[in-house]
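Have a look at the structure below before the remarks.
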Amino acid sequence: MTRCNVFLHGAKPPFNIQDSDVNICADSGATSVEGLGFDIQYVIGDMDSIQPSTLDKLKEKGSKIFRHPMEKDLSDGELSILKALELTPSEIILYGGRSGRIDHVLSCFQLLYL
């Protein structure tokens, strides 16, 4: 695999999405890219900020859903990055993570360390 896209909360189109082998969405990151015409292979998180109808549509399209408990040590973004790293891509591109609660925005900088 060469490239993996990871969509975090706040990935707001229009933006230039790079072609990738795998697309991973951290919870509501899937809402941001819904309907843009590409496959989402994984949705990862506690699913507290994604509409159940969106999740159902993604399941129907073949997305794998990895649901985690709300009480956890890692953020949905961290879990998504760790999944991407399991796939050993040569490149990971992060989209979003720049809006919302300030603690969430700051935690996105930590994702770059991973």
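The values are calculated or read from the model by the stated rules, or taken from the named source; none is laboratory data. Source: prediction; values computed, not measured. Note that we place each Cβ from the backbone using ideal geometry, even for glycine, and neighbour counts take in every protein chain shown. Side chains included, ligands, DNA and RNA excluded: accessible areas come from the protein's heavy atoms. Shrake-Rupley method; radii C 1.70, N 1.55, O 1.52, S 1.80 Å.
Local charge for Gly62 was computed over the other residues whose Cβ lies under 13 Å away, with Lys and Arg +1 and Asp and Glu -1, and equals +1. Proximity of backbone amide H atoms, modeled 1.01 Å from N, is registered between Lys64 and Tyr42, Val43 at under 5 Å, excluding neighbours fewer than 5 places apart on the same chain.
Taking 0.36 nm per residue of separation and subtracting the Cα-Cα distance, full extension of the segment from Arg3 to Glu71 would add 21.4 nm. Summing Lys and Arg as +1 and Asp and Glu as -1 over all other residues whose Cβ lies under 11 Å from the Cβ of Phe38 gives a net charge of -2. Computed with a 1.4 Å probe over protein heavy atoms only, the accessible surface of the range 1-98 comes to 55 Å² per residue.
Subtracting the Cα-Cα distance of Leu85 and Lys59 from 0.36 nm times their residue separation leaves 7.1 nm of extension gain. Asp76 sits among other residues whose Cβ lies under 11 Å from its own Cβ, and their net charge, with Lys and Arg +1 and Asp and Glu -1, is -1.
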